[in-house]
Each structure stands twice: as C-alpha cells, then as structure tokens.
Amino acid sequence: QVQLVESGGGLVQPGGSLRLSCAASGSIFSINAMGWYRQGPGKQRDLVARISNIDRTHYADSVKGRFTISRDSAWRTVYLEMNNLKPEDTAVYYCNVLTDYIYWGQGTQVTVSS
C-alpha cells in the first residue's frame, strides 16, 4: 500500500521560509512525476510545482522564483522549499506521485500571517 506523508507546514510571517517534505512508502513503480499542490480556503486544488522523471520542473507562475521543488535520489522524498512567503500562499499543501495511478498525501497546513 502506497502512503505519502507530508511534513514541514506551520505558521510563518510574510517574507519567511518553510521547507515541506513528502515521504513515500510502499511499492511505487514507474514514477512519472512527483508534485505539490495546494488548496486555499474556498478554492480548488491547484498545481504548485512538479518534477518529472527526467528532472524537468514546472512551477505555477505565482511561485516562480520563490519556490523550489527537489527530490532525493531514490525518488522516495520530494521537497518544496518556499521562500519569501506571502499571505496568499496560505493553503493546505498536498504532495502527489504520478505513476499509472495518482497517489495523494493527507496535506499539511501552511499559514502565512503576521
């Protein structure tokens, strides 16, 4: 059974930084991509960043230059480094893994507020 567990969320002031981690366990084969999504209050879940199996990255325009996605060599952990955080970055952040299936974590809350 595949399980994704996010960590690293919390409360941070505007301009601050956080690093999210997502650890994958279980049998995962033929990963096509790993990514981070977020869902703000009353909003849909949107892509934040994605890294493909050839290490090609893609970012939402709203986070370009501020967020960086990376992974470990075993494709078991994906990270999201978030800098210069803004109040509009407040959301629940979810990681996912794309194979022939899509696996989701349970989410971690990020709140940016003074």
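The values are calculated or read from the model by the stated rules, or taken from the named source; none is laboratory data. Note that this is a predicted model, so its numbers are computed, not measured. Note: areas computed on protein heavy atoms with side chains; ligands, DNA, RNA excluded. Shrake-Rupley method; radii C 1.70, N 1.55, O 1.52, S 1.80 Å.
Quick rundown of the values:
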| item | result |
| --- | --- |
| Fraction of accessible area attributable to carbon and sulfur, the range 1-112 (%, probe 1.4 Å) | 46 percent |
| Mean-position separation - Cα centroids, the range 1-42 and the range 65-114, in angstrom | 4 Å |
| Length added when fully stretched, Ser114-Gln1, from 0.36 nm per residue minus Cα-Cα | 36.7 nm |
